[in-house]
Amino acid sequence: MKIDARSIGRTLADAGSWRAIVLHGDDTGLIRERAAQAVRLVAGTLDDPFQVAQLDRETQDRLEEEATALSLIGGRRVVWVRDGQDSIAPLFKRVLETATDALIVIEAPGITARSKLRALAEAHKQVASIACYPEEGRALSQTVTDALGQAGVTIDRDALVWLLGVLGADRSGVRGEIEKLVLYAGEGGRLDLQAVQDCVGDAGGNSLEDAAFSALCGNRMMADQALERALADGANPVAVARTVLGVLVRLQKVAQSVQEGHGRAEAMKALKPPVFFKRTAAFGQALDRWSPAALAMAAQETQAFELACKQSASPDMALCRRHIASLCTVRKV
């Protein structure tokens with residue numbers, strides 16, 4: 001059954017009423033967070049091997065065996081599948097046709113709408129199919145303020161705007177930065193713009209923005225290194241596309257403002273949020289290399305790259321590395 005965004009919280013809070021939960025989408029951190037929430041709620045733990053069977057790609061052929069196994073210490077068991085793909089759909093279907101008390105939680109990042117696994121989950125009334133996409137705008141703002149509020153920490157409006165502009169797309173990275181801010185402010189503390197900049201710097205999404213700016217400045221080696229760091233930390237190609245597009249849009253705004261007669265420094269300060277001081281030099285260097293027309297073309301290519309990554313069986317990692325490499329060369333318009 002497909003769960004709409006407004007019902008996700010209630011569904012996870014009642015995870016024990018489902019036969020299985022399939023979590024899919026682009027935000028691997030959010031997928032892992034929600035999977036852990038469901039597992040902990042039903043099994044009471046994440047790492048007790050008697051209550052939780054964790055299956056990675058190499059051990060997913062044991063899905064049917066683990067799902068039908070009885071708990072040795074009582075209570076309901078959970079089978080937690082990591083990196084689920086269409087290859088497990090036949091096994092999953094047989095498990096659903098078998099009488100078993102185990103809850104199946106499947107992390108399936110990157111599967112498409114036409115995926116066999118996703119189609120099976122959405123068609124079954126006892127399976128919750130939950131989409132996990134990077135939060136943006138109001139949703140991300142609400143997540144940040146709620147998380148800070150739970151620790152009694154408040155944040156100034158301008159500080160929140162700046163923070164939302166530098167946070168990465170992945171939920172685990174966002175949570176890490178929030179935890180750092182809570183520790184920095186202390187219980188009942190208040191965060192102003194200077195405090196947030198001192199604490200976070202541009203760490204949220206740092207490697208992704210490093211890759212984007214290094215490429216746009218023509219530094220292939222630094223761009224490749226930053227991209228590999230980001231991918232190793234769990235970033236996915238769609239997050240790369242969105243980060244690159246965000247940088248290109250901001251560059252376009254400043255370039256357009258300069259064309260209209262404004263000074264570059266003035267135009268950069270007018271951005272919301274303003275250019276972070278550690279990015280000023282790279283931002284200016286990119287503006288020197290790219291014309292407004294070339295930036296527009298690069299933005300179109302980045303949108304096409306994101307769409308290609310979402311196609312079934314797409315070699316998204318290869319496309320990702322190729323796109324970053326292509327940005328090292330200025331477009332001819």
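When the criteria are applied in full, residue 90 meets the requirement of being of a type outside the set (Gly, Ala, Ser) and free of Cβ contacts under 8 Å to residues at least 12 places away in the same chain. Within segment 68-115, being in a strand (DSSP E or B) and either within 19 Å of residue 47 (Cα to Cα) or open to solvent by 50 Å² or more (accessible area, probe 1.4 Å) (or both) holds for 78, 79, 80, 81, 103, 104, 105, 106, 107. In the set (1) part of a helix (DSSP H, G or I); (2) touching a Phe, Trp or Tyr at 6+ places or on another chain (Cβ under 6 Å), the condition left unmet by residue 10 is number (2).
Taken over segment 120-148, the residue count meeting the criterion of being open to solvent by 20 Å² or more (accessible area, probe 1.4 Å), out of contact with any Phe, Trp or Tyr (no Cβ under 7 Å at 6 or more places or on another chain) and at pLDDT 90 or above is 5. Contact map, segment 172-188: first residue surrounded by fewer than 13 Cβ atoms within 10 Å (Cβ to Cβ), second residue modelled with pLDDT of 85 or more, Cβ cut-off under 7 Å, separation 6 or more or different chains; pairs are 187/151; 187/152; 188/152.
Being farther than 16 Å from residue 36 by Cβ and surrounded by 15 or more Cβ atoms within 10 Å (Cβ to Cβ) is the filter here; which residues of segment 49-61 pass it? Listed by number, the list holds a single entry, 60.
Of the helices (runs of 4 or more DSSP H) lying entirely inside segment 255-333, the ones with 2 or more residues being closer than 20 Å to residue 227 by Cα and touching a Cys at 6+ places or on another chain (Cβ under 9 Å) are found at 280-289, 292-309, 316-326. Residue count for segment 13-53, restricted to those that are β-branched (Val, Ile, Thr) and either without any contact (Cβ under 8 Å) to a residue 60 or more places away in the chain or not in a helix (DSSP H, G or I) (or both): 4.
The values are calculated or read from the model by the stated rules, or taken from the named source; none is laboratory data. Worth saying up front: this structure is predicted, and the values here are computed from it rather than measured. Don't worry about glycine lacking a Cβ; one is built from the backbone with ideal geometry, like all the others, and counts go over all protein chains shown. Surface accessibility is based on the protein's heavy atoms, side chains included, excluding ligands, DNA and RNA. Shrake-Rupley method; radii C 1.70, N 1.55, O 1.52, S 1.80 Å.
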